[in-house]
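Take a look at the structure set out below.
Derivation of every value follows stated rules applied to the coordinates shown; laboratory data play no part. Small disclaimer: the values here were computed from a predicted structure and weren't measured. Every residue, glycine as well, gets a Cβ built from its backbone with ideal geometry; the counts of neighbours run over all protein chains shown.
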Amino acid sequence: MKQGIFFTILSLTFCFSNVEGQLYKDYIGAGHSQGIIVMTSDNMMGSEGVKTLDGSGMDNPMMEASRFLAQATLGYRPTDIEAVKNLGFEAWIDDQFLEPTTLLLPEMNSIWYDLKVAYANAGIDTSDVFGPYALHYNYALWTVNMSNEDLLRHRITEALTEVLVVSMNSDLRDWGEALCDYYDMLSENAFGNYHDILSEVSKSVQMGYYLSHLNNPKTDTTNNIRPDENYAREIMQLFSIGLYELNQDGTPKRDANGNQIPTYDNLDIKEMAKVFTGLGAGAILDPNNWPYVPIFGLGTWAIDKTVPMQIFNSEHEPGPKVILKDITINIPNDGMAEVDSAISYLFHHNNVGPFLSYRLIQRLVKSNPTPAYVSRVAAAFNDNGSGVRGDMKAVIKAILLDSEARSGVMMRDITSGQLRAPFLRTMQFMRSQTINTTSGYLLNNGYTEIESTQHWPLAAPSVFNFYLPNFVPKGGFEQEGLVGPEFKIHNTSTSINYVNRAHAWTYWDAPWWDYEDNLIWPDTTSINTDYLYSLTDDPEKMINVLDLYLTHGQLSEITRENMRTAMDQLYWTWNEEWRWHRTRMLLYLFLISPDYVTLK
Amino acid sequence: MKSKINYVSRSRRNFVRNTGCAALGGTTFLSTLLNLKSLGASSIFNSAVAGGEYKALVCLLFSGGNDSYNMLIPTDPNEYADYAASRSNLAIPAVDIIDINANNTGSRTFGLHPSLPKTAALFNSGKMSFVSNVGSLIQPTTKSEFYNGTVPVPLGLYSHADQIMHWQTGIPHDRVATGWGGKMADMLQACNTNTNISMCLSMSGTNVWQTGNTTTEFAMHPTQGAVSIYGDNDDWLANTVRKEALDNILDANYSDLFMNGYKNIIKTSRIGGQQLQAAIEMAPVFNEPFVGDNLSQSLNMVANAISAQSTLGMNRQIFFIEYGGWDMHDTLINQQSGKLSEVDNALHSFNAAMEQLGISDNVTTFGISEFGRTLSSNGDGSDHGWGGNVFAMGGAVNGSSIFGDFPLLDLGNDIEVGGGVFIPTTSADEYFAEIAMWFGVPDSDLTTLFPNLGNFYSVGSGNPIGFLTL
């Protein structure tokens, strides 16, 4: 699919009229006006200082919209800021619920087809070209997320990939269609019901492969073979209920002695493992070759990895299984009914609401939600208002429209915020800019980002994701009782690498690279910075434009002052190149600033 | 616990452990430092040899849970028969096992996985030993106590996330954010004159083990080493402006924890990285080349950093490598062969590099893994277990030995608690404590590091296990 035309006609002009006149010293959120000096406001738009102070000015809603989009999308354009401002938060969400799903698999197949044609045209034997594999999934992931309209859906999908983890850090890397299909499955359910998500994940051949309940046989006492416990454990620990009984607000329940109460023990895992026996290939890749139909135990080489697993009852453990301490499942000769039953019991466990709510809030809004916030979202999970449990739409609205996500007061709260995961930093920046591409393709190989910053959808090191929800970084967090999961991958190596990525994006004008060695087509991409270049006579205007796009009007005075100083120093009379340097320098400083990299 | 080899206390041990910063202890270090300085006794802190001779620890975390009863295997016919019966289709054929000559196991004989020929040679030449059936425990635990729930057992037993933390924190009864490697660095910080680079160098990013109360790891890239910021060595006008702006951002004090946390890491890395990179670029060419996989490359970088210890003013170094992919619920036989082969090559090259540097006695390399795995098969793999076998390598290791109680491997024996899971007979705390003692942590600080240690070992009674020359 060609994307070039679409990208080069993206208009950025509308927003200048909204921001260029304002020379503010600080961002003013609702309830945050004391001591703020508004030096000028934008007369053309009919606003004045007092309106900004009381929250009714033009820029304040734009900034609020930008901040909302930083939580609700992977990246957004100036037009999206305008849309949210005009529609309001909830109506925009409702609109997004209606957007058709943009899928990765058809995109990847289209790219793969085009690549093979291009290779053939270059005289290369396409039967020697390996794929589609993780590289082509990366291409599709990037292409879709640089051009889609279903922004909210893909943000939720990304969050779900960090909870229900499968990873290309396994043999799944060899199967691009498996990676795309798993991502698409989560996308298609992102506004559905968590019961379906848990069920489809459990039956997906990707998860079956990744956590080894694919081709998991029943007990064979003669040979000391017993069911594989891997998925039985992780579906409970990581995908549904967690290790300990929770209150609705996510805090642990305590017994009479003050101890936490385990949700299951090792015997429960062994019993649950029996439930997840007998699942095998749902379809084979080539029905013209042996074995013609799926058989139990078939290797992944022959399995169609986009079709869910099916049950082979003869390989399913017979007899009753006692799960979650005292629930007996016994449906003779219908293994899939037992799987469904176990998933249903897990889904209806009281822990799921707070367990999932806490994780999704951490991904979308903040690392340290208050128990009250978790409780409100969990309540929406438990009942969407119409008696339905697990309704993702209700959960999403509860998260994004909650006062704790929206209130300007929270921006200044020490407990409120997150270190943004590297993929989100990359994506938001790229989506906010106009990308010029000579080939018309948007082929980011992804490996540069994975290698540099260790964060990319479906590239986690293990089922425990890139970081655990309870990771406590250095620097005062422990003393405050706070967690900061994303700091797990912010170390002396990745932190510098991120700064250098920003350098490549701005100074080298190299937003990303494909992996085709320019063999097949000249593919150069660059960021169109004309909109900044035209403002280089007035650095304050440049700063204000980027403050709206990238830091939601929350740029701190300390960073702003450093930017002003740098802009002032970049001036000379012998040529005009200082304009280019101001443009690149300011983008660079924004991208590496603590203001952009954290979300408050 | 039982069957510990009793080593005669060596005078060298007393000399080393009573010399220099280690004897100051950790918790009161700062005040002691001030006192010493005020007494005019600060010279040891200005010396490159504070803390006695140089020492380094290299921790290899085999994350995922190494199936270590296929790494170290009994070869006596009766014991092998138990092993083969319990493992069924996961058993290594007897003819493929590489025999090793253990000097402390009496009539019991052992061998290594067929992918470990070079490791077997290291063992036989006295460079390596194993500690068997070791695992996280809160106190000694019998089978009946375990089933009756009458003794506390580690939180989240059998779960990756918890067990992998416990091996790094030494605190299996709680979930804490600091590890015993980082806390040792807190205690021994005065051994290093270098204040820009952490004693804890990680080839695998942020980790709990190297996180102390004041220490954080310095993460390196396994092949590139320390990474520097593009343009930092360029003095052209626009770049000078960029550097100054970067300085200003990194030096600023943001009121927000997240913002400060973000930029502080960059700041630390930028200062230390330039110094570290300059030093490791002077590393010699090693005669036994490291192969290209990530583990070997990581150990190559460790060797580079060790070669630069004197230049860097680091008299203590603590290295961490996480080497994942051991959670072999599936296709264990094939996967483990490939992985152990990488281990075999890496350990061989690293040992050769240490000998080339003449520093082998000063560097101890040791393995950890969150748990052993079930002896029984789940079809073609094994599941999460508890006790397992680990190795230690280096000139300070009392080599060619198998320490601890290597169990009989029949299912249903008195430490087997289902599916071929063994209750550990040696506490991970004892293993850790012996390493800490060798590294220079004084006895008085051992229970600060390992609060449960007293349940297994009487502090002050010599080697907890005996695998290191203290």
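Just check chain A against the gyration tensor rule for me: Cα atoms, a ≥ b ≥ c as the square roots of the eigenvalues, rounded for a/c under 1.5, and otherwise prolate or oblate depending on whether a/b exceeds b/c.
Oblate is the answer for chain A, as a/c is 1.5 or above yet b/c matches or exceeds a/b.
What's the FRET efficiency of A:Asp171 with B:Ser255 using the Cβ-Cβ distance as r and R₀ = 45 Å, to the nearest 0.05? Show your work: numbers first, answer last.
Details: r = 47 Å, r/R0 = 1.05.
Result of the calculation: an efficiency of 0.45.
Keeping to pairs on different chains or 8 or more places apart, tell me how many lysine pairs in chain B have Cα atoms under 22 Å apart.
10
Using the crude model of +1 on Lys and Arg Cβ and -1 on Asp and Glu Cβ, and no other charge, please compute the dipole size for segment B:358-421 relative to its Cα centre, in debye to 20.
200
Rank B:Pro442, A:Met411, A:Phe429 by how far each Cα sits towards the positive end of the charge dipole of the protein assembly as shown (+1 on Lys, Arg Cβ; -1 on Asp, Glu Cβ) and give me just the farthest.
B:Pro442
Dipole size in debye (nearest 20) for the protein assembly as shown around its Cα centre, Lys and Arg Cβ +1, Asp and Glu Cβ -1?
2460
Using the crude model of +1 on Lys and Arg Cβ and -1 on Asp and Glu Cβ, and no other charge, please compute the dipole size for chain A relative to its Cα centre, in debye to 20.
1040
Between B:Asp414 and A:Asp95, what is the label-point separation in nm under the 7 Å Cα-to-beta-carbon projection?
7.4
Under the rule a/c < 1.5 gives rounded, and otherwise a/b versus b/c splits prolate from oblate, where does segment A:125-203 land using the Cα gyration tensor?
oblate
Charges on Cβ only, +1 for Lys and Arg, -1 for Asp and Glu, centred on the Cα centroid of segment A:213-362; of A:Leu267, A:Ile235, A:Asn257, which one is farthest towards the dipole's positive end?
Of A:Leu267, A:Ile235, A:Asn257, it is A:Asn257.
Rounded, prolate or oblate: which one fits chain B, using the alpha carbon gyration tensor with axes a ≥ b ≥ c (rounded when a/c is under 1.5, else prolate when a/b beats b/c, else oblate)?
Here chain B falls in the prolate category.
Mind giving me the nanometre distance, one decimal, between the label points for B:Asn104 and B:Ser125, set 7 Å out from Cα along Cα→Cβ?
Here the modelled spin labels are 2.1 nm apart.
As a test of the formula, what do you get for the protein assembly as shown when each DSSP H run with n ≥ 4 contributes -39,500 (n - 2.57) and the sum is divided by the residue count, at 222 nm and rounded to the nearest 500 deg cm²/dmol? If you can, show how the numbers build up before the last one.
Numbers: 43 runs with 441 residues, N = 1070.
Helix-only estimate at 222 nm: -12000 deg cm²/dmol.
May I ask you to derive the FRET efficiency for A:Asp334 and A:Asp286 from their Cβ-Cβ distance with R0 = 25 Å, giving the value to the nearest 0.05? Let's see the in-between values first.
Working: r = 30 Å, r/R0 = 1.19.
Calculated transfer efficiency: 0.25.
In segment A:105-155, if the dipole is taken from +1 on Lys/Arg beta carbons and -1 on Asp/Glu beta carbons about the Cα centre, which of A:Leu115, A:His154, A:Gly131 is farthest to the positive end?
Highest projection toward the positive end goes to A:His154.
Once you list every other residue whose beta carbon is under 13 Å from the beta carbon of A:Asp268, what net charge do they have if Lys and Arg are +1 and Asp and Glu are -1?
After counting each charged neighbour, the total is +1.
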